Each structure stands twice: as structure tokens, then as C-alpha cells.
């Protein structure tokens, strides 16, 4: 190791006292606490919250916490030494015990409220009070915000106990959902897709919670039994956890004139969003309305890029409500998500999602969320006709720009010279009729095959004579459309950089969390390693185990092919 490398290594944060010095709580310093909240965070019972941007709340530690894993990649990015995992105070904090906080840390966390819109329709009935004033972070509690190598990051416990937004539940997350979220964030980052990140994963050795789930081999649509699960806490990390639904909540309050400070609270949180997620892209000398217009433009660009990338890798958010849509432009909330295996544009892993949140409908769902975002900004323009027209144009151009980005994505995924709608639509029909696996097919196509035989391993059923003929015709057309001035080897390399070799397959995640319930975490760590290099070929043994078609026995299985949001 060079002296320079040793020097850099020595600068990493090695213990909890050093970690605590990184604290910098911009959210609590610049936003307003609920005026009816407690000063010490002892605020865990469901109640309506009429104003304020956050509620101070202390997490509830899981008893007898057991360390499972951490993200080495994220630790390195944040300048954290893996030695921290051995620090008792660090482990206590991220298993929910905030009593270990050292100055300048704050000895309580915070939860936030938000509104809910489902596909553009405003809802309040999910709130226990029927008003929308009790809907928000029910079991997600942020406990740390700080500067890591100059970058601001917030750390949030998922499953850290009840908050006033908990709607009467226990505020816990089960090990199953915690493993899924941890691994999914690791994979999405390695795929090059903006996402919240995984920090640590802890499970309680003694606390058991009951949740509805599926019996083994069940084909029921909804869970059919109650299952005992170990409680767990995964810590997710992001530049902020601000959502479209948060801005929407404050805009609703402005429109309804719910309290005297409603307009100011909306203005403050939008400025905070700019400072947290767009500071490097918006000129601070601009007027506030100019900043709002630029914010809308920048967020539109990020959201469009994000959703196109979701489609590229076969990811389906499942529940893309306004409250699950991060205004920082990254993937948030790994609850009812899934990855498309058997290609189906209507793929939807969540039993409560419906076709409006299905795989190929995500661009439209994103557009509706963006319209909600723009509507939330509208009161800040003070009825200025010129500014309103600018914002309206930004909103109305979303569909056109989304379509352009999607075309660009398919061009790269197929190694084309230019977008060919007829060729691509014909491909989709053939993939559906041939029962193609989304990821395996595109990875095999990345080898630029001359004949259909190489692609047949990506189909769940043997090809009929008619389909075989249609595929041969399509392959010929495709070869005529790929970049003629670039060597096939280079096209293949470029395609492999956008078509992953390894992807999320629910049936191979299930054994990881089931064995973890018995105290065996080896499969979780193995998946971490595989997911860290999803575009690389890796070993033959790994390929035979994890790069293969979904076994027929898992089709239509509850908890594998579809699942409820209970976690």
C-alpha cells in the first residue's frame, strides 16, 4: 500500500465519537417542528398534526440486536471505517438506541408528514382522522444528518418504532422486508440508478412480530396466514428523504388556508429542498420565483432519467404514489417493488398496485406525480401570469421529453443507430408470445447473435415453427438497424453496459431471508457480492445458480410472483 493510500485510510472515521462530530442537522435547524410536539421526542401515539415540517420522536431500540451486514461500498464513500461496526455505540444507534448520542448530535430523531395522491387523485381516508393530518412516516425515523466528505447525507431507521403517523401499528419492520430493502438498494446503486442507499442491517434476537403472509406454495392473491417474524432495522441513507407528498401536504394547507403560517411553511420547505438537493445547480442570487422555475425544470430532468433507467433494468416500483416519489430524483421506498422476469408490460408485483402502477405504465405514473409536484409549487408564484406560464410549459413538456428519453434508452439497450418504433414494437410482441425473460433475453442479445438458437435459452417455452420464423425475420431487420459504422464487438460491449447479467429474482431472495430467520446470513452476504457487479460475467458457478430462468414451480406463488405490502 502506498503512503498516500495509508494516509487516506487513516482519515476514515473509526469510532463513534469521531462519527458524532460529522453531525450537521440542517433539517431541524431550518424547518419548523410541530408546535404541539414534545421537546424530548417522547411522541409515539397516533395524533393529528396540523402544522410544522417534522415531529421530534425517539426511536425504540430492538432488544438484543444482532449485526447482519453493512454496505462496504457506502462506508467507503462516506469515509467510514468498517471498524465502526465493532463500536458498541455505533451499533446501538443503528439498532434504534439514540440514548448513545454525543454532542453535537441531537438525542432524538424526527419523522415527517406528507399527503397522499394515487395516480393524481387526492386521498385522506388512509389517515386515521380522515383529514390527511395524520399521514406520514409511520415507522421511518431519521436519526442523523451530517456532512461526509463534503456531501450532506441523512440516515433513517426503517422499523425504528412508532411515530405519531403510525396509525396504531407497532412501527416495526420484519426481517424479510428489511433484507429485501437492504439488498435492493445495494443492487440499484450497482446498476447505476439513483437510489437511497443501505448502511447497516440489524435483527432482534428476541423481539417477534406477527404479520400476514403466504403459506409455502400458496397461489392465493392475498396472504392466507399470520407469520411470526424477527423484528429488524435497516438504515437507509440519502441526501434527503423529501417527497412529492410532503410538498403536496403544505400546498393543500395553503389552498385550504388551514392556518396562518401555511404559505410560509410551503415556501420554507421548497427552499430547503433546493438547498438539500439542487444547491449546485440553482444560482443563489436568483429571485425565489426564478429558483422555483429552475427547480421544476431540474426535477423533471431527474425524474425522467430515473424512470427510463427503471425500465431499462426491468424494475417496477409497484406503488408509485406521490408519497413514494423522492423530489431528489432517486428511487425511494422498497416495499412493494419487483423486477420483471417473464416479460409482461403489465407486470405488477404488488397485489394492491393495479395496472396504473404496472411496469410499462411507470412513465405515465411519473408524469402524474410531476403534475402534483408542479401544482404544489404553483401557490409560490403569487398568481404571476408569466411565471405560471413557464411552470405550465415545464409541466406540459414532461410527456414529450419522457418519450424522447425512453426512445434513447431503447436505442442503447438494443444497440441501434436510431429509434425504430416498428422494430421495437415487433420485438415486444415476439417477447410476449415467446414467453421471454426480460433480463436474460437482452443480455443474450448483447452478444449480437446471428441466429435465434442463441436466444432460445431466454424463453420459458419452446418456440413454435411460426415464432421461430418471425424471430429469424426480426433478427435480420435488427442487424440491418444496428450501428453500421461501429464494429460488432464495440456494440456488444456497449449493450452489456446497459443490459445487466445479474438481476433481482424474488425466488432467489426468499431463501436468503428465510435462512436469516434461523440465524444464517451467508446467502445475504453472497447476494451482496453478486449484486455489487451486476454487469460482470462473474464465475460459471454463480451464473448457473443466479442467472437462470424462474423455476416453473414459483409461478403464481404468493410471496414470490406477487405479494402484499405487509412487512
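The values are calculated or read from the model by the stated rules, or taken from the named source; none is laboratory data. Being a predicted model, the structure only gives us computed values, none of them experimental. With ideal geometry, Cβ positions are generated from the backbone for all residues, glycine too; neighbour counts draw on all protein chains shown.
Some values worked out for this structure:
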read-out	value
Single match in 379, 363 (criterion: in contact (Cβ under 8 Å) with a residue 40 or more places away in the chain and closer than 27 Å to residue 499 by Cβ)	363
Test for residue 176: is it modelled with pLDDT of 95 or more and over 30 Å from residue 17 (Cβ atoms)	yes
Matching helices (runs of 4 or more DSSP H) fully within segment 383-458 where at least 3 residues are modelled with pLDDT of 95 or more and over 16 Å from residue 496 (Cβ atoms)	385-396, 398-414, 421-433
Failed item, numbered, when residue 201 is tested on (1) crowded, with 21+ Cβ neighbours inside 10 Å; (2) assigned to a loop (DSSP other than H, G, I, E, B)	(2)
Unmet criterion (only one of (1) within 25 Å of residue 328 (Cβ to Cβ); (2) crowded, with 20+ Cβ neighbours inside 10 Å) for residue 161	(1)
Odd one out for residue 182 among (1) at pLDDT 95 or above; (2) part of a strand (DSSP E or B)	(2)
Set 347, 288, 359: member being in contact with a strand residue (DSSP E or B) (Cβ under 7 Å, 6 or more places away or on another chain), modelled with pLDDT of 95 or more and farther than 22 Å from residue 189 by Cα	347
Which numbered condition residue 284 misses (of (1) over 22 Å from the mean Cα position of the chain (by Cα); (2) outside the structural domain of residue 31 (by TED's automatic domain parsing); (3) surrounded by 15 or more Cβ atoms within 10 Å (Cβ to Cβ))	(3)
Residues located in segment 335-360, provided they are surrounded by fewer than 19 Cβ atoms within 10 Å (Cβ to Cβ) and within 14 Å of residue 307 (Cα to Cα)	360
Candidates 337, 347 - the one that is in contact (Cβ under 8 Å) with a residue 40 or more places away in the chain and assigned by TED's automatic domain parsing to the domain that holds residue 266	337
Members of segment 429-442 that are touching a residue at least 60 places away in the same chain (Cβ under 8 Å) and in contact with a helix residue (DSSP H, G or I) (Cβ under 9 Å, 6 or more places away or on another chain)	431, 436, 437, 438, 439, 440, 441
Check on residue 250, closer than 22 Å to residue 29 by Cβ, surrounded by 24 or more Cβ atoms within 10 Å (Cβ to Cβ), modelled with pLDDT of 95 or more and touching a helix residue (DSSP H, G or I) at 6+ places or on another chain (Cβ under 7 Å)	yes
Residues (more than 11 Å from residue 175 (Cα to Cα) and in a strand (DSSP E or B)) located in segment 212-232	212, 213, 225, 226, 227
Filtered residues of segment 314-324 (kept if farther than 21 Å from residue 174 by Cα, buried (at least 24 other Cβ atoms within 10 Å of the Cβ) and in contact with a strand residue (DSSP E or B) (Cβ under 6 Å, 6 or more places away or on another chain))	315, 316, 321, 322, 323
Condition met for residue 512 (touching a residue at least 40 places away in the same chain (Cβ under 8 Å) and farther than 22 Å from residue 67 by Cβ)	no
Number of the condition not met by residue 192 [criteria: (1) over 25 Å from residue 439 (Cβ atoms); (2) surrounded by fewer than 21 Cβ atoms within 10 Å (Cβ to Cβ); (3) out of contact with any strand residue (DSSP E or B) (no Cβ under 7 Å at 6 or more places or on another chain); (4) touching a residue at least 24 places away in the same chain (Cβ under 8 Å)]	(1)
Any helices (runs of 4 or more DSSP H) falling wholly within segment 1-114 and containing at least 1 residues that are touching a strand residue (DSSP E or B) at 6+ places or on another chain (Cβ under 9 Å)	16-20, 26-30, 72-78, 88-93
Residue in segment 149-157 that is part of a loop (DSSP other than H, G, I, E, B), over 30 Å from residue 519 (Cβ atoms) and in contact with a strand residue (DSSP E or B) (Cβ under 9 Å, 6 or more places away or on another chain) present	no
Among (1) out of contact with any strand residue (DSSP E or B) (no Cβ under 7 Å at 6 or more places or on another chain); (2) surrounded by 17 or more Cβ atoms within 10 Å (Cβ to Cβ); (3) more than 27 Å from residue 68 (Cβ to Cβ) - the single one residue 481 does not satisfy	(1)
Residue 169 assigned by TED's automatic domain parsing to the domain that holds residue 140, surrounded by fewer than 23 Cβ atoms within 10 Å (Cβ to Cβ) and touching a helix residue (DSSP H, G or I) at 6+ places or on another chain (Cβ under 8 Å)	no
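One line per residue, one yes/no per condition, for (1) in a loop (DSSP other than H, G, I, E, B); (2) surrounded by fewer than 17 Cβ atoms within 10 Å (Cβ to Cβ); (3) assigned by TED's automatic domain parsing to the domain that holds residue 355; (4) touching a strand residue (DSSP E or B) at 6+ places or on another chain (Cβ under 8 Å):
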| position | (1), (2), (3), (4) |
| --- | --- |
| 486 | yes, yes, no, no |
| 493 | no, yes, no, no |
| 507 | no, yes, no, no |
| 512 | no, no, no, no |
| 528 | no, no, no, yes |
